[in-house]
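Notes to accompany the following structure.
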Amino acid sequence: MEITSFTPPNSKEAEESVIGSIFLDPSILPDVIEEVRWEDFYYENNKIIFKVMEELFDKGEPVDTVSVIEKLRESNLLQKIGGEDTIIYLAQVVPTTANVMYYTQIVKEKALLRALINASSEIVDAVRNIGDAQEVLEYAEKRIFSIAEARATRTYDLLSNVMHDVFEQIEELKNRAQKGEGDLVTGVSTGFKSLDRMTSGFHRSELIIIAARPSMGKTSFAANIATNMALQSNIAVAIFSLEMSKEQLANRILCSEAKVDLHKVRTGQISDEEWEKLVQKAGELSKSRLIFDDEPDLTPRMLRAKARRMKREYGIEVIFIDYLQLMTSRSKGYESRQQEITEISRSLKLLARELNITVVALSQLSRAVEQREDKRPRLSDLRESGAIEQDADLVMFLYRDSYYKRKKDESGKDSLNDEHEAELILGKQRNGPVGTIKLTFNPKLATFYAADRGYQ
């Protein structure tokens, strides 16, 4: 069904009032241009006139009735819009500019509604012509997002306004310090005190990378932090798992919290006491706002759509992605995988900024680590793209020396299953120090904890 049976949303009065206000006071034009473009006007005369205003503004020329009439005459458009009488009429249509931004918002809203109607019509055509549901979904998502991204938003502010907000934050921290509130965490606590001391928690709008070679415990460490945040800080946290199913991830988190051997749970060989622990922790976890998504073919576009929905429905503050190199853009325009990873990395940083959330992405390290005598990771080991390092606000590496020096004990059992030391290396921190934090890893429980205390 083609959408042609009704007049698209518009407001002739609002369009004329915007143009008339500019004629009355040209100094308001920059504010108006920030919100609407000539394409946003519905009526052809208004489109032409506002476009001329934009062109005069871009050239630094006066924007008034005389200059607009002259520009229209030069372009052979004056008669098309009804001659000088039209300009004179518009210049007198409003008595004041007091409500110009209100009129501007009406024009903007009507243009958005028309764009959505056009998009819906194109999506219907796509259903007819493409047929494949997944391709139509991608097309529809792209079409809607292109409309959303085209809407201008104010991203600048006076330093005086910014400084006011910054000073309020500093004052709050100072007061908390004077009250002796201990280690100050200005972001979301990770549940690891030593990490919080160095980072003051995970902060909004930041992209954080947790990188390691395979089998170092990236997923376990990320799950530990995510669970700590959900349970201790009572916030909504999303985990996008491209490698494990929701059930596998939930099983791992449950065993970690209940301190029950993961292998025992998998085989069903658990005692009554362990069963009670599992039941208790399952109840606690069920009350949390941990959200799992196990889409294995996750694209940046899909991630953005899902994250937006989760932000709206649950108010998520942190998302984890396990792991970055498993994502794909599905675009065929990239010359190399490195270029694709660069775009994916950038999209994660933009997502953090757009939704004002923390994005934590796990990342594989290149095999170059294995060729060195000292196998502790470096920033240069970030696999496939140096852009990951550039985009990230915080880069952390997990390293376990025992992984490379594991030996069989007398019974032939792999000692790698025992508790052992781990290092969390902060290789980059945009707003803080770098250094190494000592941890202990218990692989049976898929759990990391502070090295200076026993597991409790």
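The values are calculated or read from the model by the stated rules, or taken from the named source; none is laboratory data. A quick note: this is a predicted structure, and the numbers were derived from the prediction, not measured. We place every Cβ from the backbone using ideal geometry, glycine too, and count neighbours over all the protein chains shown.
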- Item | Output for segment 415-443, where each listed residue is at pLDDT 85 or above and of a type in the set (Gly, Ala, Ser) | 422, 427, 435
- Inspect all residues belonging to segment 236-247 and state whether any of them is crowded, with 17+ Cβ neighbours inside 10 Å, β-branched (Val, Ile, Thr), outside any helix (DSSP H, G or I) and touching a strand residue (DSSP E or B) at 6+ places or on another chain (Cβ under 8 Å). yes
- Note on the structure: From the option list 399, 404, single residue qualifying as modelled with pLDDT of 80 or more and aromatic (Phe, Trp, Tyr) is 399
- Task: Say whether the condition of being more than 30 Å from residue 147 (Cα to Cα) and at pLDDT below 95 is met by at least one residue in segment 40-63.
- Result: yes
- Per the filter on segment 252-279, residues more than 36 Å from the chain's Cα centre (by Cα) and small (Gly, Ala, Ser) are 268, 271
- Query: Is it true that some residue in segment 166-174 is at pLDDT below 80 and not in a helix (DSSP H, G or I)?
  - Reply: no
- Message: Go through (1) in a helix (DSSP H, G or I); (2) under 40 Å from the mean Cα position of the chain (by Cα) for residue 42 and report which single condition fails.
- Response: (1)
- Item | Residue list for segment 295-313, restricted to those being surrounded by 18 or more Cβ atoms within 10 Å (Cβ to Cβ), in a loop (DSSP other than H, G, I, E, B) and in contact with a Leu (Cβ under 7 Å, 6 or more places away or on another chain) | 298
- Task: Could you identify the single residue in 291, 270 that is part of a loop (DSSP other than H, G, I, E, B) and surrounded by 12 or more Cβ atoms within 10 Å (Cβ to Cβ)?
- Result: 270
- Message: Here is a check on your reading of the model: is residue 60 in the same structural domain as residue 122 (by TED's automatic domain parsing), over 30 Å from residue 126 (Cα atoms), of a type in the set (Gly, Ala, Ser) and without any contact (Cβ under 8 Å) to a residue 60 or more places away in the chain?
- Response: yes
- Query: Regarding residue 351, is this residue crowded, with 18+ Cβ neighbours inside 10 Å, farther than 27 Å from residue 447 by Cα and either of a type outside the set (Ser, Thr, Tyr) or modelled with pLDDT under 85 (or both)?
  - Reply: yes
- Item | Selection status of residue 210, under 21 Å from the mean Cα position of the chain (by Cα), assigned by TED's automatic domain parsing to the domain that holds residue 369 and closer than 17 Å to residue 447 by Cβ | yes
- Task: Evaluate segment 65-86: report whether one residue or more is of a type in the set (Ser, Thr, Tyr), surrounded by fewer than 19 Cβ atoms within 10 Å (Cβ to Cβ) and within 23 Å of residue 118 (Cα to Cα).
- Result: no
- Go through segment 344-393 and count every residue that is over 14 Å from residue 207 (Cβ atoms) and assigned to a helix (DSSP H, G or I). 8
